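Here is the structure we will look at.
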Amino acid sequence: MTAFEEERLARLIRALPPAPEGWVRAAQELPLARSGLDQIVARAEADVEFRARLIADLESALEAEGFDRDPTVVDALRLRFKAK
């Protein structure tokens with residue numbers, strides 16, 4: 001990419017309206033949610049009983065184990081561990 005193209009791209013980006021507050025907040029929270037999600041998935045992969053409890057009653061299993069029941073994490077886990 002040439003300097004001219006970079007400058008043009010920078011001007012175009014500056015011309016965009018600011019990102020909605022909800023998008024900014026979600027982007028800030030994403031790393032923490034991802035970390036929690038990864039921890040739960042790793043535990044479920046290593047612990048067959050925990051995985052069975054997640055599949056049977058996701059929110060109760062998370063609460064019983066002291067995990068935060070963040071709606072974003074819960075939705076992602078539902079997709080990951082839905083009964084087949």
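Go through the residues of segment 33-40 one by one and say whether even a single one is more than 29 Å from PHE67 (Cβ to Cβ), assigned to a helix (DSSP H, G or I) and of a type in the set (Val, Ile, Thr). Checking segment 33-40: not a single residue is more than 29 Å from PHE67 (Cβ to Cβ), assigned to a helix (DSSP H, G or I) and of a type in the set (Val, Ile, Thr). Is segment 18-26 home to any residue that is assigned to a helix (DSSP H, G or I), without any contact (Cβ under 8 Å) to a residue 60 or more places away in the chain and either within 30 Å of ILE55 (Cβ to Cβ) or hydroxyl-bearing (Ser, Thr, Tyr) (or both)? Yes: segment 18-26 contains one or more residues that are assigned to a helix (DSSP H, G or I), without any contact (Cβ under 8 Å) to a residue 60 or more places away in the chain and either within 30 Å of ILE55 (Cβ to Cβ) or hydroxyl-bearing (Ser, Thr, Tyr) (or both).
For segment 21-44, a residue qualifies if it is out of contact with any Lys or Arg (no Cβ under 8 Å at 6 or more places or on another chain) and open to solvent by less than 60 Å² (accessible area, probe 1.4 Å), and the qualifying residues are GLY22, ALA26, ALA33, GLY36, LEU37, ILE40, ALA42.
Note on segment 43-84: enclosed helices (runs of 4 or more DSSP H) holding 3 or more residues that are modelled with pLDDT of 90 or more are 48-56, 58-64.
Evaluate the following for ALA52: is it open to solvent by less than 60 Å² (accessible area, probe 1.4 Å) and either in contact (Cβ under 8 Å) with a residue 24 or more places away in the chain or farther than 13 Å from LEU77 by Cβ (or both)? In short, yes.
The values are calculated or read from the model by the stated rules, or taken from the named source; none is laboratory data. Please read these numbers as outputs of a predicted model, since none were measured by experiment. A quick note on method: Cβ atoms are made from the backbone with ideal geometry, for glycine too, and the neighbour counts reach across all protein chains shown. Just the protein is used for accessible areas: all its heavy atoms, side chains included, with ligands, DNA and RNA removed. Shrake-Rupley method; radii C 1.70, N 1.55, O 1.52, S 1.80 Å.
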